[in-house]
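Asker: Handing you this structure, nothing more for now.
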Amino acid sequence: MIWYMNTISRNDSKLIKLLSIELGISEGAAIRPESTFADYPIRFDLVIQDGIKTYIVDIRRIVQLEALSHLGLLKLLLSDKLSGASNIELVIAGIRITSEAAQAAKNIGIRFVKLPSRLSLEEPHGKTGAAPVKLTSPKSWQVISCLLKMKAGTSIRRLSIESGVSYGWTYATVRALVSKGIASDDGGNLKITDINKLLNGVAWERPFERNFTKEIRIAAYDAIGLAREISAVCDELQIPCAFTGFSAGEIYTGYSARHDTVYVYLEKKDHAELAGMFDLQNDGGIAVRIYSPDRDVFKDRMVFSIDGVWLVSPSQALLDCAGMGYAGRDLTQKLVETYGRL
């Protein structure tokens, strides 16, 4: 029995049956229509998992050269991770393939599956070949934050080296920035051209408050002093913590924003243990807004200008401040201005 992870129309079922026969897919295979593969920033028409074998499939009525763009980009991304790549087969299916596309598919290593002309195929999902890259994903943001530090124009290759992100992923991120009007790439002179559009995109794609879990109030009079005390207690308990949002932005920039609240990342399992080390109250004092990390925010944490206060990295602070939207826009702009010096 073949398992379909999403709803598939009757015509799609015929198509998948034909593909299953052609590719030799077993009855126990799992098929995910309109899906991404692993953590790569590309959406494909079908991802088929058959034991240890994975088939990545795009479908076109007529396969022309540009139809290979998604699979070609995945091939480039996979070239940076050779382990396990032999168990991944890239497939393009259609009723006809042009000679130019056929030669390119052969050179790239993409398998063409010919479908019967009687099969009614629509151009799938209105795709135009643009790869949907999430700019706030850990790897993409690593590329973007590195680009923000490189004031002079640079090349994709150089950006890949400086950011430590694979060339394929860097390329996909840059193409997304250019397509959204955030960056320009004029003959190797790559640079951010619309910082406001970038910040708006971040606020829409990854709202900071989405990671909020709880707020406690602690009897204290000074927000920075409380942040230092929380950092010390966490060190004593061997609990990782990192201050972010307004707390990190103020310390990194010296720009005064909030004095009645601190913002900190803490794993959910550590909330109760930390709270038990302080006198909590219902009103007054300093509010401690606790956020659960959606990525590893602790590996690059640091102590900056104020001794004893653990901060997220400048890159993470910028991502979180931008995620506050207009509420944090003034501080975010200040952080952008000083970011290259941090």
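Asker: Please determine whether any residue of segment 247-260 is more than 28 Å from C146 (Cβ to Cβ), of a type in the set (A, V, I, L, M, F, W, C) and crowded, with 22+ Cβ neighbours inside 10 Å. Give the derivation first.
Answerer: So in segment 247-260, the residues more than 28 Å from C146 (Cβ to Cβ) come out as 256, 258-260.
Add one more test, that the residue is of a type in the set (A, V, I, L, M, F, W, C), and what stays is none.
Taking every residue of segment 247-260 in turn, none turns out to be more than 28 Å from C146 (Cβ to Cβ), of a type in the set (A, V, I, L, M, F, W, C) and crowded, with 22+ Cβ neighbours inside 10 Å.
Asker: Let me ask something additional. I'd like the residue in segment 268-281 that is in contact with a strand residue (DSSP E or B) (Cβ under 9 Å, 6 or more places away or on another chain) and of a type in the set (D, E, K, R) and, out of all such residues, is surrounded by the most Cβ atoms within 10 Å (Cβ to Cβ). Explain how you work it out, then say what you get.
Answerer: In the first step, residues of segment 268-281 are kept if they are in contact with a strand residue (DSSP E or B) (Cβ under 9 Å, 6 or more places away or on another chain); the result is 268, 270-271, 274-275, 278-281.
In the following step, the residues that additionally are of a type in the set (D, E, K, R) were identified as 268, 270, 279.
Details: K268: 11, D270: 16, D279: 9.
Ranking the qualifying residues of segment 268-281, first place goes to D270.
Table: residues versus (1) assigned to a strand (DSSP E or B); (2) in contact with a helix residue (DSSP H, G or I) (Cβ under 7 Å, 6 or more places away or on another chain); (3) polar (S, T, N, Q).
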residue	(1), (2), (3)
Y255	no, yes, no
Y265	yes, no, no
L274	no, yes, no
F278	no, no, no
D283	no, no, no
D296	no, no, no
K299	no, no, no
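Asker: Go over the candidates S140, S184, S160, S155 one by one and state the one that is out of contact with any Ser or Thr (no Cβ under 7 Å at 6 or more places or on another chain), modelled with pLDDT of 80 or more and among the polar types (S, T, N, Q). Step through it out loud before you land on a result.
Answerer: Values: S140 fails: out of contact with any Ser or Thr (no Cβ under 7 Å at 6 or more places or on another chain); S184 fails: out of contact with any Ser or Thr (no Cβ under 7 Å at 6 or more places or on another chain); S160 fails: out of contact with any Ser or Thr (no Cβ under 7 Å at 6 or more places or on another chain).
Testing whether each residue is out of contact with any Ser or Thr (no Cβ under 7 Å at 6 or more places or on another chain), modelled with pLDDT of 80 or more and among the polar types (S, T, N, Q) leaves just S155.
Asker: I've got another one for you. Can you name the residue in segment 306-342 that is of a type in the set (G, A, S) and part of a loop (DSSP other than H, G, I, E, B) and, of all such residues, is surrounded by the most Cβ atoms within 10 Å (Cβ to Cβ)? I'd like the intermediate steps shown before the answer.
Answerer: Kept after step one, since they are of a type in the set (G, A, S), are these residues of segment 306-342: 308, 313, 315, 317, 322-323, 325, 327-328, 340.
The next check asks that each one be part of a loop (DSSP other than H, G, I, E, B); those that pass are 308, 313, 323, 340.
Numbers: G308: 14, S313: 20, G323: 24, G340: 11.
Checking each candidate, the answer is G323.
Asker: Assuming E250 fulfils every condition listed in (1) farther than 30 Å from L177 by Cβ; (2) out of contact with any strand residue (DSSP E or B) (no Cβ under 9 Å at 6 or more places or on another chain) apart from one, which condition is it?
Answerer: Status for E250: all satisfied but (1).
Asker: A follow-up question, please. Within the group F246, F278, which residue is within 13 Å of D320 (Cβ to Cβ) and touching a residue at least 40 places away in the same chain (Cβ under 8 Å)? If you could, list the steps in order and put the result at the bottom.
Answerer: Working: F278 fails: within 13 Å of D320 (Cβ to Cβ).
F246 is the lone residue from the list that is within 13 Å of D320 (Cβ to Cβ) and touching a residue at least 40 places away in the same chain (Cβ under 8 Å).
Asker: Looking at (1) within 23 Å of A322 (Cβ to Cβ); (2) modelled with pLDDT under 90; (3) assigned by TED's automatic domain parsing to the domain that holds N189, which is the one condition that is false for A131?
Answerer: Going through (1) within 23 Å of A322 (Cβ to Cβ); (2) modelled with pLDDT under 90; (3) assigned by TED's automatic domain parsing to the domain that holds N189 one by one, A131 breaks only (3).
Asker: State which residue is surrounded by the fewest Cβ atoms within 10 Å (Cβ to Cβ) when the search covers only segment 145-187 and only residues that are β-branched (V, I, T), within 23 Å of L78 (Cα to Cα) and touching a helix residue (DSSP H, G or I) at 6+ places or on another chain (Cβ under 7 Å).
Answerer: I156
Conditions tested, residue by residue: (1) closer than 22 Å to Q333 by Cβ; (2) assigned to a strand (DSSP E or B).
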| residue | (1), (2) |
| --- | --- |
| R158 | no, no |
| G181 | yes, no |
| L190 | no, yes |
| K197 | yes, no |
| V202 | yes, no |
| A220 | no, no |
| S231 | no, no |
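The values are calculated or read from the model by the stated rules, or taken from the named source; none is laboratory data. Fair warning: this is a prediction, and the values are worked out from it, not measured in the lab. In this analysis, Cβ positions are derived from the backbone assuming ideal geometry, glycine residues included, and neighbour counts consider all displayed protein chains.
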